[in-house]
1. Rounded to the nearest 0.05, what FRET efficiency do Thr378 and Lys130 give with R0 = 60 Å and r taken as the Cβ-Cβ distance? Could you check?
2. For the stretch 565-585 and the stretch 357-405, what is the separation of their Cα centres, given in Å?
3. How many Å³ per residue does the convex hull of the Cα positions in the stretch 423-478 occupy?
4. Rounded if a/c is under 1.5, else prolate if a/b beats b/c, else oblate: with a ≥ b ≥ c from the C-alpha gyration tensor eigenvalues square-rooted, which is the stretch 233-289?
5. Mind giving me the FRET efficiency for Asn351 and Asn458? R0 is 56 Å, r the Cβ-Cβ distance, nearest 0.05 is fine.
6. Students often check this: by mean Cβ neighbours within 10 Å, which of 29-37, 210-218, 372-380 ranks highest, and how do the rest follow?
7. Want the number for Arg627 to Lys155: 0.36 nm per residue separation, take away the alpha-carbon distance, what's left?
8. What list of ³J(HN,Hα) values in whole Hz, one per residue of the stretch 430-438 in order, does the Karplus curve 6.51 cos²θ - 1.76 cosθ + 1.60 (θ = phi - 60°) give from phi, with Gly and Pro shown as x?
Amino acid sequence: MSTPEQVLKQHFGYSSFRGQQKKLIDALLDGQDVLAVMPTGAGKSICYQIPSLLVSGLTIVISPLISLMKDQVGALNNNGIPAAYLSSTLSIEERKTVFAMAYTGKLKLLYVSPERLLADGLINLCQNIKINYVAVDEAHCISQWGQDFRPSYSKIHEFLQSLPERPPVGAFTATATRTVRQDIIKFLELKNPLCVVSGFDRPNLTFITEQPRDKFEHLVTLLNERHFKSGIVYCTTRKMVDELYEKLSIRGFKVGSYHAGMNPDDRKSEQDTFLFGDTKIMIATNAFGMGIDKPDVGFVIHYQMPQSMESYYQEAGRAGRDGNKADCILLFEPKDVKICEFLINHSHEDNDELDDKTRLALRKRELKKLEVMTEYSTTNKCLRHFILDYFGENSENNCMNCSNCSAHFTNEDATVDAQKVVSCVFRLAQRKRTLGKTTISEILKGIESERILQNDFNSLSTFGIMHNSSLKHIYRVIDALINDGYLELEKNSYPVIKLCKKSGEIVCDKKPFFLHSPKDNYALKYNSLYEKLRSIRAYICAKTNIKPEDVVSDMALEELCNKLPESTDKMRQIPEISDKQINLYGEIFLKYIMPYVSKPKQEISKTIENAQKISSNSSVISNPWTRQEDNLLKEFSLNKIPVSEISNAINRPISMVIARMKLLCLPITR
């Protein structure tokens, strides 16, 4: 009899197992149920394919996607392993052939969708031949807390009960929280399963979140910087896939596209050109990727935010499967949240398998997952720690391999401000009142709005105790207190802030509290000059076929923005730039730096604090609106800052501010 190692070498070409594969294989061979949570690319399928070749009988593999079944069956047949699948796409004659092969013992693995499990033909087959194993792929689909809940997965339990003898069952998934793992064990009735949860950490992946001013142009820069790598750009909607495909093609990129609305033959053709390297960049929805075995994907960019951390990590995890360094970049803008909310609210409308109560429960859970995804997209905390913490895995607070850890953050002492905020929530609780972030901030700021005066909130002892702070700063303190568990955000139709067990640590124990804030240099990454210089560098990279750091490093770009050299001689005073780099590219960068040299610093920075320092100008009414002012208006509007305060901050009359915000279609807070 062959050993697992011999089968691995003979059929798959590997000389040794990875990670926990051997442990799972041995458990199945010993007749034990297993639950395996292993990241994308860790080799889950081998864990049930190899046992199926070492034991007589047929292994039933339950898989949710026809395309995934086709790909895996094709790969097995190419490796000399007799496998087939059953789906609605097969003709009657093709199905008869599959059944005949199974009855005569010519098949080792049969892939079926959960919807076909209880079909008479399959039930008869399984009652008349030996079933050695049942493998449940994408097992998270059985849980309503999973990212791809499929009611049809509930049929698996009934299918197992219909078998003359229950075989060992293996459940496999790439992403499952502790709650989802418990559901898998419960609903599949796994018996004393061996549970293997491989580490979710992928040290070779660099996680990056960015909020660019011009998302498309920033994408062009990212692709030019990575012109020598193969990558995937994920979009939430088919419309955006088609739009990006057209725009990037016009800009000279060789791209492919993939989404569920395309013709199956076109999808197959696009997939093959990407797999074989003819196309370097694939623009796709989440329909692309499952079962795609391309180890050299050097980057995954999410052009739009996905709906859950599970989806994000599974898609991002398709980068760097060869073990080389790879980038996982998420480009965020607030409207991404609205798109996701729309998709969630309409996601289960056509699913007749769900009743109204289940639809509502699923929507609530998916919206909760969206809140977590939004927090990840905007947090200042270590991104790797955020991901691992979500999946229940302990990690160091700072990985030094994500955009937040490498962005030179500093800790700002906000102990006194935190005490003021918690005290305000406490004073409101004494009056049996709970309020939202905006109203609490206005109380602390001392704004005598109509609502505050009507409710007598101006008589609170905490009214106006943060009058010297900006509303944005107060918002940041409140958000940080919520994120760190010192206040609780109760999300009903109107989210309100409440005290919790840890609140006393701030006001009674006087616990130190710090805001994780970017240093001044990091703010440069969000001004227009930095973006221009980075774009020019990316263009040079694409044209000369060299890497970005060989042109100039990111730190050098920051120093160029910070010091604004007026000549190549001044450039030589920047240690991060070599003479060779200055000789080759110095004049190019100077061309874009010079217009900024004569500008006051306030015009370069987009921060609210600097905007508030702009001196008043009697001719302000006749001055045209600048792009910087428009960006400020968008930021103020997003933070729901009252129009009266916006007027003071940018030194424009209220009437002008209101008119401009209406023109820009921005929500106005009075």
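The values are calculated or read from the model by the stated rules, or taken from the named source; none is laboratory data. These numbers come from a predicted model, not from an experiment. All Cβ positions, glycine included, derive from the backbone under ideal geometry; neighbour counts span all protein chains shown. What goes into the accessible areas is simple: the full protein's heavy atoms, side chains included, and nothing from ligands, DNA or RNA. Shrake-Rupley method; radii C 1.70, N 1.55, O 1.52, S 1.80 Å.
1. 0.65
2. 41 Å
3. For the stretch 423-478, the hull spanned by Cα atoms encloses 70 Å³ per residue.
4. oblate
5. The value I calculate is 0.65.
6. Output ranking for 29-37, 210-218, 372-380: 29-37, 372-380, 210-218.
7. 164.2 nm
8. So the J values, rounded to whole Hz, are 4, 8, 6, 10, 10, 10, x, 4, 4.
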